[in-house]
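Right, one structure below, let's go through it.
The values are calculated or read from the model by the stated rules, or taken from the named source; none is laboratory data. Because the structure is predicted, anything quoted here is derived from the model rather than measured. As a convention, Cβ positions derive from the backbone with ideal geometry for all residues, glycine included, and neighbour counts pool all protein chains shown.
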Amino acid sequence: MLEVNGLTKYYGELLAVDDVSFRIDEGDFVTLLGPSGCGKTTLLHMIAGLREPTEGTVELRGEDVTELPPEDRNIGMAFQSTALFPHMTVRENIGYGLRMHGYDAEERESRVQEFLELVDLPDHGDHHPDELSGGQQQRVSLARALAYEPDILLLDEPLTGLDRVLREEMREWLMTLQREVGVTSLYVTHDQEDALSMSDRVVVLDEGRTQQAAHPQTIYERPANEFVAQFVGKSTQFSGSVARTEPRPVVETGAVDVAITGEHESGEAVSLYVRPEDITVESAAATADGGVQVTGDAEPATPSVPENAFSGTVEKIANLGNRTEVTVALESGEIALANTDRFPDFETGDVVTVAFEPESVVVV
Ligand code: ADP
Ligand code: MG
């Protein structure tokens with residue numbers, strides 16, 4: 001449906017987008033995820049025809065559109081700043097897009113009403129944008145972008161600037177809308193929650209380059225590199241090198257040893273990431289009979305495998321409504337982050353044991 005090949009953009013000396021290629025299948029919802037300044041908007045503008053690529057091509061429905069002006073690409077766009085015309089009513093705003101795409105007056109009228117209903121604003125046609133809430137303005141902007149049946153909908157951080165509750169509401173709504181209309185969509189955001197919750201595929205960008213392009217679950221569970229592991233989701237991080245591989249791989253991280261899984265070579269330098277939902281925290285009193293790893297004891301014959309259970313002090317307990325996030329300063333110096341019971345049986349300042357399975361350690 002959409003295919004970008006080797007898209008590259010220099011602004012003078014600055015390389016804003018560096019050889020990016022990906023494709024989007026018909027009807028899919030793909031998200032471009034990356035920090036501010038990584039080149040997302042530039043990429044979107046090149047796809048839309050609002051900026052000329054330094055190199056590379058854009059194909060829509062198998063046709064090379066790289067040289068076509070924006071109005072000949074049949075692309076719908078909605079942005080963070082909704083860019084509704086303030087002096088026009090909602091109806092006129094949506095109608096304007098239709099007129100630009102050659103719909104006659106009669107078609108315009110029926111389509112405007114159809115799309116007002118689609119975005120749940122059937123009675124708002126005669127309002128001006130400033131009489132609507134931020135969320136409603138976004139919906140008008142979407143109706144305008146969708147009414148002329150674009151081949152693809154480009155969304156540039158449309159939810160940025162909305163408060164948390166509205167944002168979550170809009171996410172749900174946007175997904176339902178996308179499914180109903182079945183429009184192929186490319187959504188741009190710096191918000192990993194947006195990306196993970198809405199997309200069929202996520203393309204992670206940093207410094208103009210693709211870091212990973214995959215299903216959200218793969219991005220979260222098997223990040224391709226350190227950037228993705230750190231940018232997407234929270235985790236506890238260790239780094240070190242593989243000290244031995246039998247009976248299972250063990251990473252020496254300085255103060256502690258961590259057991260991991262997978263095929264590794266001795267001496268390999270690795271970064272380890274453990275997600276908060278994979279970490280348990282118990283008050284040290286409960287585990288005083290064992291469980292805490294003792295390092296440095298001489299075990300003959302078979303090398304010992306560490307239990308991935310470490311002692312630390314609770315720094316912070318944050319009740320986030322649906323879960324509780326506990327921050328523990330480990331004796332080894334790392335900061336561990338765990339999701340726990342809503343009302344854990346320890347307090348800030350308590351000594352606890354933090355533990356996780358080798359299988360849940362992401363090795364990058
Ligand atoms: P994002 O949308 O991910 O925040 P942008 O595509 O807006 O990133 O910007 C990518 C890089 O290109 C940034 O370093 C930005 O400062 C730079 N940039 C964006 N637009 C221009 C421009 N018109 N002229 C010069 N540099 C630009
Ligand atoms: Mg941007």
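Answer with yes or no whether T210 is of a type in the set (V, I, T), within 16 Å of ligand 1 (Cβ to nearest atom) and over 20 Å from I47 (Cα atoms). Spelling it out, it is not the case that T210 is of a type in the set (V, I, T), within 16 Å of ligand 1 (Cβ to nearest atom) and over 20 Å from I47 (Cα atoms). Taking first residues from region 223-239 that are part of a strand (DSSP E or B) and partners that are modelled with pLDDT of 95 or more, the Cβ contacts under 6 Å between residues at least 6 apart in sequence or on separate chains come to T236/V274; T236/A336; T236/L337; Q237/Y273; F238/V258; F238/L272; S239/S271.
Could you list, in sequence order, all residues of region 125-140 that are over 21 Å from L159 (Cα atoms) and surrounded by 15 or more Cβ atoms within 10 Å (Cβ to Cβ)? Answer for region 125-140, where residues must be over 21 Å from L159 (Cα atoms) and surrounded by 15 or more Cβ atoms within 10 Å (Cβ to Cβ): G125, H127.
In the set S266, S199, only one residue is polar (S, T, N, Q), away from ligand 2 (no atom under 16 Å from the Cβ) and either under 30 Å from E59 (Cα atoms) or buried (at least 21 other Cβ atoms within 10 Å of the Cβ) (or both); that residue is S199.
Restricting region 208-246 to residues that are touching a Lys or Arg at 6+ places or on another chain (Cβ under 7 Å) and either surrounded by fewer than 19 Cβ atoms within 10 Å (Cβ to Cβ) or basic (K, R) (or both), the residue that is nearest to E277 (Cα to Cα) is H215.
Taking region 148-199 only, how many residues are of a type in the set (G, A, S), within 16 Å of ligand 1 (Cβ to nearest atom) and either closer than 24 Å to G49 by Cβ or over 12 Å from the mean Cα position of the chain (by Cα) (or both)? Show your work before the answer.
In the first step, residues of region 148-199 are kept if they are of a type in the set (G, A, S); the result is 161, 182, 185, 195, 197, 199.
Within this subset, residues satisfying the condition of being within 16 Å of ligand 1 (Cβ to nearest atom) are 161, 195.
Add one more test, that the residue is either closer than 24 Å to G49 by Cβ or over 12 Å from the mean Cα position of the chain (by Cα) (or both), and what stays is 161.
The number of residues fulfilling the criteria is 1.
Have a look at G49, G34, G27 and point out the one that is buried (at least 22 other Cβ atoms within 10 Å of the Cβ) and either closer than 18 Å to A195 by Cβ or more than 10 Å from ligand 2 (Cβ to nearest atom) (or both). Lay out the reasoning, then the answer.
Details: G49 fails: buried (at least 22 other Cβ atoms within 10 Å of the Cβ); G27 fails: buried (at least 22 other Cβ atoms within 10 Å of the Cβ).
Sole residue among the options that is buried (at least 22 other Cβ atoms within 10 Å of the Cβ) and either closer than 18 Å to A195 by Cβ or more than 10 Å from ligand 2 (Cβ to nearest atom) (or both): G34.
Could you run through region 166-190 and say how many residues are under 15 Å from Q138 (Cβ atoms) and within 16 Å of ligand 2 (Cβ to nearest atom)? It would help to see each step written out before you state the result.
Initial filter on region 166-190 (under 15 Å from Q138 (Cβ atoms)): 166-178, 185, 187-189.
Remaining after also requiring within 16 Å of ligand 2 (Cβ to nearest atom): 187-189.
Residues in region 166-190 being under 15 Å from Q138 (Cβ atoms) and within 16 Å of ligand 2 (Cβ to nearest atom): 3 in total.
Restricting attention to region 150-171, the residues that are in contact (Cβ under 8 Å) with a residue 60 or more places away in the chain and either part of a helix (DSSP H, G or I) or on the phi > 0 side of the Ramachandran plot (or both) add up to 2.
From the set of residues in region 52-72 that are touching a helix residue (DSSP H, G or I) at 6+ places or on another chain (Cβ under 8 Å) and assigned to a loop (DSSP other than H, G, I, E, B), which is farthest from ligand 1 (Cβ to nearest atom)? That would be V65. Scanning region 1-51 for residues that are outside any strand (DSSP E or B), without any contact (Cβ under 8 Å) to a residue 60 or more places away in the chain and away from ligand 1 (no atom under 12 Å from the Cβ) yields one hit, G49. Checking every residue in region 215-229 against the condition of being at pLDDT 95 or above and within 16 Å of ligand 2 (Cβ to nearest atom) gives zero matches. If you go through region 172-191 and pick out every residue that is β-branched (V, I, T) and in a strand (DSSP E or B), you end up with 3.
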